[in-house]
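Colleague: What follows is a single structure, and I will ask about it in a moment.
The values are calculated or read from the model by the stated rules, or taken from the named source; none is laboratory data. Because the structure is predicted, anything quoted here is derived from the model rather than measured. Every residue, glycine among them, receives a Cβ derived from its backbone with ideal geometry; neighbour counts consider all protein chains shown. Just the protein is used for accessible areas: all its heavy atoms, side chains included, with ligands, DNA and RNA removed. Shrake-Rupley method; radii C 1.70, N 1.55, O 1.52, S 1.80 Å.
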Amino acid sequence: ARARLDALVTLQGERTFENTMEGMEAVTEKLSIAMGVVGHLEGVATTPALREAYNHVQPIVSAFYTGLTLDARLYAAVKAFASSANAKSLSPTRRRFVDKTLADFRRQGAELDAAGKTRLEALDVELTNLTVRYSQNVLDSTNAFELVITDEAELSGLPEGVRVGARASAEAKGVAGYRFTLQAPSYIPLVTYADSAKIREKVWRAYNTRATSGDFDNRTLIAKILELRHEKAKLLGFGDFADLVLDDRMAKTGKVASDFIERLRVQTEPFFVAENQHLAAFRKELEGGDAPNLNPWDVSYYAEKQRVALYDFDDEALRPYFSAEAVLGGLFKIANTLYGVAITPWDGATTWDEKVRPYKVLDRDGHWLGSFYVDIYPRETKRDGAWMDGLITGVWQDDRKLKHLEVLAANVAPPQAGKPALLNHREVETMFHEFGHLMHHVLSKVEVRSMAGTNVAWDFVELPSMIMENWAWDKATLQSFARHYETGETLPDELLEKMRRAKNFRAANGMMRQLGFSAMDLALHTHYAAGLPGAITTGENAETRVMHYARDLMAHYSPIELPESYAMIAGFSHLFSSPVGYAAGYYSYKWAEVLDADAFTRFQSEGLLNEGAGRHFRESILSKGDSQDPMDLYRAFMGREPDETALLRRSGLIEKQLTA
């Protein structure tokens, strides 16, 4: 990469798009792919040796990338081309690339003096080191916890499938009884179904205090990360980190994002209060008037009981109909109908684990668009959660068509006791969501790599993924693939209708939870980081103050009073596991959900599997990457700007429904 950079900046003669802009893309292409693959492997198949090597090289690579935007020679080369006669006749995509590149240079310190550039480079290296350590602490602290239960009476309330998985986990570790962890397939069923309040409390506290002590303590890291991010923003001429991050996103400023979150909060709060009053009353009806008040570890448990009572619906009853194989097959059929692609096994591809399955994606004309891996089962060497990772982003030009390469990852309970992997409906939604990201990446047809695929504004990137979740609720779609793994019976109408009736159960709580995370994120990167009056709460040191501040803010969005020890931000990887990531951008989930709910109204009016609407969505949104302003892309598909009320209406959060 350094050699290619030197060749570019020392080039003699006329500056052209090919030798300057494409040349700049070529500088990092191989390095980007290599680090993407290595970073991916560190996340799904890590070893002590790989981690050590990755930690060693990351700061070096980070310094190189930071140095690019601080390289006066490179900036001069781009400016020289931008002002040349050649630049005046560029295509719109290439012109946008030049303009955005110049803005990126300025935003990343190209016009700083020598001392400022030196400090910025040091900040970026330190942020890389701190955020990598943060991420690894979350993984290690998650793995450090285990709960082994030997008394079967303490398993009361847990579904049979959860018990079988816990037994298999114990056997794999060579211990007697049932082993539970803080990984989602284990943690979520415990707090949702375990009759023992003692056990629920134990795992809830463990999960919400991850990475707050010992060798895996993230509290000091969080305080330092916020401090360095704020210093970086001020150095670059922005008021705070939110304004820096959002400068090239749809929201543009932290205030616009905060105002957006506040509008949704005001609309949601009456429903939120009513839902929580109903839950408290439900418990007293269930256990008598002297039943104690709810604790945080009680909410999911009693909410599930309330849902069953109201709708006679148990989410676990759906698992037999949602084998992982069937869900993937359903997704592939939807992609074929809407987007005209065929997904088939990618024979002969090597993988990092024997349970990983590779596929290839073919276009209508048989052209091989790209390939992807499906890695959906948890391992101790793999990070938690679900995600799509674009390992290689292809560049589309007449003379150069590179295939895309992606990973679709999740952590669902693996096959066990002769049964296939069976998903609950929340996990089905998640699979649809990540598959939407995958379609956005693999259907990209953009001539500039750094503007292709999912390389779009962060408050736009969730539109293709969130809109896919809508098909996970459609009767015809579900019944096309949901079959009982033993009998082959189609998902019964009765069960499906119960699920759909329960869809908006406690929707206000779900909304407030996400709004709380968004508000906390923005406040940490604006009000708190700037040390504004009232932002610093009590505490002896920075790490204590930031934990108190986050807890106090989240209390306004919590259905139940939070304990003093509540410290979820110590494990909030979205915000602190990379130098930027979703920092000051968590609001984008709700922003994109507004886009999704509104855009889906077109499919509702024209048909959920309407090929014309699907083709237009592919052509207007999925294939375009960042080749045009995202609002222009949205207008191209919908013919207007987005309407926030579509989300509120879909969630049942409109005044008419509250009155009813």
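Colleague: On full extension of the chain, what length is gained from Glu171 through Asp151, given 0.36 nm per residue of separation minus the C-alpha to C-alpha distance?
Modeller: Difference between extended and current length: 5.6 nm.
Colleague: Using a 1.4 angstrom probe on heavy atoms only, work out the carbon and sulfur share of the accessible area of segment 445-538 in %.
Modeller: The C+S portion of the solvent-accessible surface of segment 445-538 is 49 percent.
Colleague: Find how many whole Å separate the alpha carbon centroid of segment 122-193 from the alpha carbon centroid of segment 29-61.
Modeller: What the calculation gives is 25 Å, centre to centre.
Colleague: A further question follows. If r is the Cβ-Cβ distance from Lys79 to Gln12 and R0 is 22 Å, what FRET efficiency results, to the nearest 0.05?
Modeller: Calculated transfer efficiency: 0.80.
Colleague: Give, as ranges by residue number, the residues of segment 271-300 whose backbone N falls under 13 Å from the point 7 Å along Cα→Cβ of Glu561.
Modeller: In segment 271-300, the label zone of Glu561 (backbone N under 13 Å from the point 7 Å along Cα→Cβ) covers 293-296.
Colleague: If you don't mind, there's one more thing I want to ask. Report the accessible area of Val9, computed with a 1.4 Å probe over the heavy atoms of all protein chains in place, in Å² rounded to the nearest 10.
Modeller: Solvent-accessible area, nearest 10 Å²: 20 Å².
Colleague: Let me ask something additional. Rounded to the nearest 0.05, what FRET efficiency do Ala63 and Asp290 give with R0 = 51 Å and r taken as the Cβ-Cβ distance? Could you check?
Modeller: 0.20
Colleague: Just need the relative contact order of segment 86-185 here, percent rounded to a whole number, with Cα pairs under 8 Å and 6+ apart.
Modeller: Relative contact order, segment 86-185: 22 percent.
Colleague: Tell me the per residue accessible area of segment 589-660 using a 1.4 Å probe; a whole number in Å² is fine.
Modeller: With all protein chains present, segment 589-660 gives 44 Å² per residue.
Colleague: Once you list every other residue whose beta carbon is under 10 Å from the beta carbon of Val148, what net charge do they have if Lys and Arg are +1 and Asp and Glu are -1?
Modeller: That sum, taken over residues with Cβ under 10 Å, equals +1.
Colleague: Using a 1.4 Å probe and ignoring any ligands, DNA or RNA, find the accessible area of Thr454 and quote it in Å² to the nearest 10.
Modeller: Around 40 Å² of this residue is reachable by solvent.
Colleague: For a label point 7 Å from the Cα of Asp113 along Cα→C-beta, name the residues of segment 219-249 whose backbone N is under 16 Å from it.
Modeller: Flagged as within label range: 235-237.
Colleague: Please work out the Cα center distance from segment 279-306 to segment 421-476, rounded to the nearest Å.
Modeller: 36 Å
Colleague: If I model a spin label at Ala45 and Arg635 as a point 7 Å from the Cα along the Cα→Cβ vector, what separation in nanometres do I get?
Modeller: 4.7 nm
Colleague: Mind running the shape call on the chain? Use the C-alpha gyration tensor, a ≥ b ≥ c as the square roots of the eigenvalues: rounded below 1.5 for a/c, prolate if a/b tops b/c, oblate otherwise.
Modeller: Cα axes put the chain in the prolate bin.
Colleague: Past 32 Å, Cα to Cα: identify those pairs from Lys252/Lys498; Lys30/Lys360; Lys475/Lys624; Lys88/Lys401; Lys333/Lys503; Lys173/Lys360, in the order given.
Modeller: The pairs that break the limit, which is 32 Å between Cα atoms, are Lys252/Lys498; Lys173/Lys360.
Colleague: Show the residues, 5+ positions off or on another chain, whose built amide H is closer than 5 Å to the amide H of Val148.
Modeller: Phe180
Colleague: Per residue of segment 469-475, in order, report the coupling 6.51 cos²θ - 1.76 cosθ + 1.60 (Karplus, θ = phi - 60°) as ³J(HN,Hα) in whole Hz, putting x for Gly and Pro.
Modeller: 4, 4, 6, 6, 10, 7, 4
Colleague: Given a 1.4 angstrom probe, I'd like the percentage of the accessible area of segment 95-139 that is carbon and sulfur, rounded to a whole number.
Modeller: 49 percent
Colleague: How large is the helix-only mean residue ellipticity at 222 nm for the chain, computed as the sum of -39500 (n - 2.57) over DSSP H runs with n ≥ 4, divided by its residue count, in deg cm²/dmol to the nearest 500?
Modeller: So the helix-based figure for the chain works out to -17000 deg cm²/dmol.
Colleague: Counting alpha carbon pairs within less than 8 Å and at least 6 residues apart, what relative contact order, in whole percent, applies to the chain?
Modeller: With pairs under 8 Å counted, the relative contact order is 17 percent.
Colleague: While we're looking at this one, here's another question. Could you give the accessible area per residue of segment 438-494, probe 1.4 Å, as a whole number in Å²?
Modeller: Computed with neighbouring chains in place, this is 31 Å² per residue.
Colleague: Another question, then. Once you have the Cα-Cα distance between Asp104 and Ala309, take 0.36 nm times their residue separation minus that, and quote the gain in nm to one decimal.
Modeller: 68.4 nm
Colleague: Mean 1/r over all different Cα pairs, inverted: what Kirkwood radius does segment 1-140 give, in Å?
Modeller: Kirkwood radius, segment 1-140: 16.7 Å.
Colleague: Using only the C-alpha atoms of segment 262-333, find the volume of their convex hull and express it per residue in Å³.
Modeller: About 164 Å³ per residue, rounded to a whole number.
Colleague: Report the trypsin sites (Lys or Arg not before Pro) located in segment 415-521 that are in a DSSP loop and have at most 15 other Cβ atoms inside 10 Å of their Cβ, or state none.
Modeller: Those that pass, being in a loop and sparsely packed, are Lys503.
Colleague: As a test question: what accessible area, to the nearest 10 Å², does Glu171 have when a 1.4 Å probe is rolled over all protein chains in place?
Modeller: Roll a 1.4 Å probe over it and Glu171 shows about 130 Å².
Colleague: Tell me, what is the FRET efficiency for Lys88 and Asn336 to the nearest 0.05, using R0 = 45 angstrom and their Cβ-Cβ distance as r?
Modeller: 0.55
Colleague: Also: Using a basic spin-label model with each label point 7 Å from the Cα along Cα→Cβ, how many nm lie between Lys30 and Arg95?
Modeller: My value for the distance between the label points is 3.5 nm.
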